[in-house]
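Colleague: Mind looking over this structure? Questions follow.
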Amino acid sequence: MKADFETGLKTCSKCKRTLPISGFHNDKHCIDGLACHCKDCCRVSGTLHRKLTYEKNKDKRRETQKRWREANRDHIHATNKKRNDVNREKIKDWRLQYYYGISLAEVRARLDELNWKCPGCGCELTEKTYVIDHDHNAETGGYRLILCHSCNSCIGFAKDKPQTLRQIAQLLETQNQSYK
């Protein structure tokens with residue numbers, strides 16, 4: 001059905017609604033330069049077609065993608081490495097905010113307050129050696145401390161129980177005294 005450019009309306013040949021011309025896609029193959037179906041009908045039929053085609057060709061597409069990934073493994077690795085190298089700071093900041101609710105700037109400010117030393121053992125911390133000790137309780141979440149890997153592991157092995165750490169410290173003190 002041809003568009004009436006004087007009124008700015010056209011009737012969809014599928015749903016039979018009369019809509020403004022802006023409700024139709026451009027189509028240079030049609031006489032009036034507009035598609036015969038409205039954008040809504042095109043969207044519905046396109047979505048349905050994509051779903052049916054996807055289900056019908058799912059295994060074939062997966063196999064094709066798998067072959068491409070295997071044939072282009074080096075290209076994929078180089079592309080990912082380049083993207084990660086360029087966005088290293090952004091990725092680190094995103095992970096910290098997503099997992100611990102703290103930004104990279106806040107971590108660096110906290111490390112400056114600690115003079116880049118572990119509060120547990122006093123060892124030197126660097127950008128690569130600090131660990132965010134986080135609360136495993138899903139309700140409270142967030143981070144508790146910034147530590148070295150050894151101190152964080154110690155807390156983890158003690159299952160986050162201060163009493164266990166006190167008992168181990170007491171045991172070590174009594175054992176060290178008996179060897180003197």
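Just so you know, all these numbers are worked out from the coordinates, no wet-lab data involved. Values in this document were obtained by computation on a predicted structure and should not be read as measured data. When we count neighbours, we look across all protein chains shown, and the Cβ atoms used for this are built from the backbone with ideal geometry, even at glycine.
Colleague: At Lys51 and Met1, where each label point lies 7 Å from the Cα along Cα→Cβ, what is the point-to-point distance in nanometres?
Modeller: Using points 7 Å along Cα→Cβ, the separation is 2.6 nm.
Colleague: Please identify the chymotrypsin sites (Phe, Trp or Tyr not before Pro) of region 1-100 that satisfy two criteria: DSSP loop assignment and at most 14 other Cβ atoms within 10 Å. Which are they?
Modeller: Numbers: sites: Phe5, Phe24, Tyr54, Trp68, Trp94, Tyr98, Tyr99, Tyr100; in loops: Phe5.
Here the sparse-neighbourhood loop sites are Phe5.
Colleague: Also: Can you list residues whose amide H is under 5 Å from Leu34's amide H, if they're 5+ apart or on another chain and H is modeled 1.01 Å from N?
Modeller: Amide H neighbours of Leu34: Asp27.
Colleague: Give me the net charge for the shell around Cys36: Cβ to Cβ below 11 angstrom, other residues only, Lys and Arg +1, Asp and Glu -1.
Modeller: Numbers: positive: Lys2, Lys10, Lys14; negative: Asp27, Asp32.
Neighbour charge sum, excluding Cys36 itself: +1.
Colleague: I want to verify a result. In a Gaussian network model of the chain, Cα cutoff 10 Å, which of these has the top mean-square fluctuation: Glu70, Glu124, Glu55?
Modeller: Glu55
Colleague: Find, among the trypsin sites (Lys or Arg not before Pro) in region 76-166, those assigned to loop by DSSP (not H, G, I, E, B) with at most 14 other beta-carbon atoms within 10 angstrom.
Modeller: Details: sites: Lys81, Lys82, Arg83, Arg88, Lys90, Lys92, Arg95, Arg108, Arg110, Lys117, Lys128, Arg144, Lys159, Arg166; in loops: Lys128, Lys159.
In loop regions of region 76-166 (DSSP not H, G, I, E or B), the sparsely surrounded trypsin sites (Lys or Arg not before Pro) are Lys128, Lys159.
Colleague: Just one of (i) 1, 7, 14, 16, 15, 11, 7, 4, 3, 3, 3, 3, 2, 2, 2, 2, 1, 1, 1, 1, 0, 0, 0; (ii) 1, 9, 19, 22, 22, 16, 8, 2, 1, 0; (iii) 1, 6, 8, 9, 8, 7, 7, 7, 8, 8, 7, 6, 5, 4, 3, 2, 1, 1, 1, 0, 0 is P(r) over Cα pairs in 5 Å bins from 0, in percent as worked out from the coordinates here. Which one is it?
Modeller: Only one listed value fits the structure, namely (iii).
Colleague: Let me ask another. Of the listed pairs Lys14/Lys60; Lys14/Lys66; Lys90/Lys117; Lys128/Lys159, which have alpha-carbon separations greater than 30 Å here? Don't skip to the answer; put the middle values down first.
Modeller: Values: Lys14/Lys60 32 Å; Lys14/Lys66 39 Å; Lys90/Lys117 24 Å; Lys128/Lys159 24 Å.
Table pairs above 30 Å Cα-Cα are Lys14/Lys60; Lys14/Lys66.
Colleague: So what's the net charge close to Ser45: Lys and Arg +1, Asp and Glu -1, counting the other residues with Cβ under 14 Å from its Cβ? It would help to have the intermediate numbers written out before the result.
Modeller: Details: positive: Lys14, Lys39, Arg43, Arg50, Lys51; negative: Asp40.
Residues near Ser45 contribute +4 overall.
Colleague: Let me ask something additional. Starting from the 7 Å offset along Cα-to-Cβ, what nm value, one decimal, do you get for the label separation of Leu165 and Arg67?
Modeller: 5.7 nm
Colleague: Additional query: Hey, rough spin-label estimate for Ile76 and Glu89, points 7 angstrom out along Cα→Cβ, what's it come to in nanometres?
Modeller: 3.1 nm
Colleague: In the neighborhood of Lys58, defined by Cβ-to-Cβ distances under 14 Å, what is the net charge if each Lys or Arg adds +1 and each Asp or Glu adds -1? Please list the in-between numbers first.
Modeller: Details: positive: Arg50, Lys51, Lys56, Lys60, Arg61, Arg62, Lys66; negative: Glu55, Asp59, Glu63.
Result for the neighbourhood of Lys58: +4.
Colleague: Enumerate the aspartates and glutamates that Lys51 could reach by cross-link, defined here as Cα to Cα under 17 Å, with residues fewer than 8 away along the same chain left out.
Modeller: Reachable aspartates and glutamates: Asp40, Asp59.
Colleague: Which of the trypsin sites (Lys or Arg not before Pro) across region 1-50 are loop residues per DSSP, with 11 or fewer other Cβ within 10 Å? Present the calculation step by step, with values, prior to reporting the outcome.
Modeller: On the way: sites: Lys2, Lys10, Lys14, Lys16, Arg17, Lys28, Lys39, Arg43, Arg50; in loops: Lys2, Lys14, Lys16, Arg17, Lys28.
Sites meeting the loop and neighbour criteria: Lys2, Lys16, Lys28.
Colleague: Sticking with this one: For the chain, what is the mean residue ellipticity at 222 nm derived from helices alone (per DSSP H run of n ≥ 4: -39500 (n - 2.57); sum divided by total residues; nearest 500 deg cm²/dmol)? Don't skip to the end; give the middle numbers.
Modeller: Values: 6 runs with 96 residues, N = 180.
After summing the helix terms and dividing by residue count, I get -17500 deg cm²/dmol.
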